[in-house]
Amino acid sequence: MKRSQQILVIIVAVAGISAAAVATASAQGGWGGCRGYGPAAYDQSDRPVMGHKRYAKKKGGMRGDKGQMMTQRMENLKSLLQITEAQEPAWQAFNQAVTEKVAAMADRFKQRGAQVPVAERVERMRAGAQRMTEMADAIETFYGVLTPEQQKIADQMTPMGRRF
């Protein structure tokens with residue numbers, strides 16, 4: 001697999017995992033499994049994980065509006081990458097794709113448990129695949145306009161957005 005394809009897969013995975021975390025947390029009304037203390041509350045660097053209660057208290061709370069949190073994460077990413085005016089159109093397309101994916105996932109989680117005919121489930125799968133293709137295209141376009149330094153930062157991003 002070419003390096004650019006590997007990078008694209010990583011970026012898609014990071015965006016998808018982040019979107020899934022936000023959608024799952026929205027559907028559950030909180031951050032679920034991270035309830036307080038113990039090894040599950042910390043990542044490998046012994047820093048509190050974002051869903052951890054003590055982290056939430058220190059940072060002013062993480063139980064707020066999930067859409068606002070995603071907007072803030074995207075602003076942090078934009079700041080971290082130092083997006084220029086020339087890169088802004090690709091950034092906007094990428095940001096729009098992420099926003100639409102998160103919204104679609106949140107809608108899907110709200111409908112969780114409803115009886116849906118197989119034909120409708122198949123159609124939802126196709127729509128999801130189409131959104132994923134659009135997301136991959138936006139990521140590829142966005143990654144293509146980044147400078148080599150920005151690409152290095154993007155390459156170092158870890159799942160669940162621990163860098164942004």
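The values are calculated or read from the model by the stated rules, or taken from the named source; none is laboratory data. None of the values given here were measured: they were computed from a predicted structure. Here the Cβ is made from the backbone with ideal geometry for all residues, glycine too, and neighbour counts use every protein chain on show.
List of remarks:
- Qualifying residue in the range 96-105 (condition: over 15 Å from Ala19 (Cα atoms) and not basic (Lys, Arg)): no
- Of the residues making up the range 88-124, those that are more than 20 Å from Asn76 (Cβ to Cβ), among the aliphatic types (A, V, I, L, M) and modelled with pLDDT of 90 or more are Val118, Ala119, Val122.
- Failed condition for Ser79, given (1) closer than 25 Å to Gly144 by Cα; (2) surrounded by 11 or more Cβ atoms within 10 Å (Cβ to Cβ): (2)
- Residue match in the range 93-108 (condition: without any contact (Cβ under 8 Å) to a residue 12 or more places away in the chain, surrounded by 13 or more Cβ atoms within 10 Å (Cβ to Cβ) and over 13 Å from the mean Cα position of the chain (by Cα)): no
- In a residue-by-residue description of the range 128-143, the property of being over 16 Å from the mean Cα position of the chain (by Cα) and farther than 24 Å from Gln6 by Cα applies to no position.
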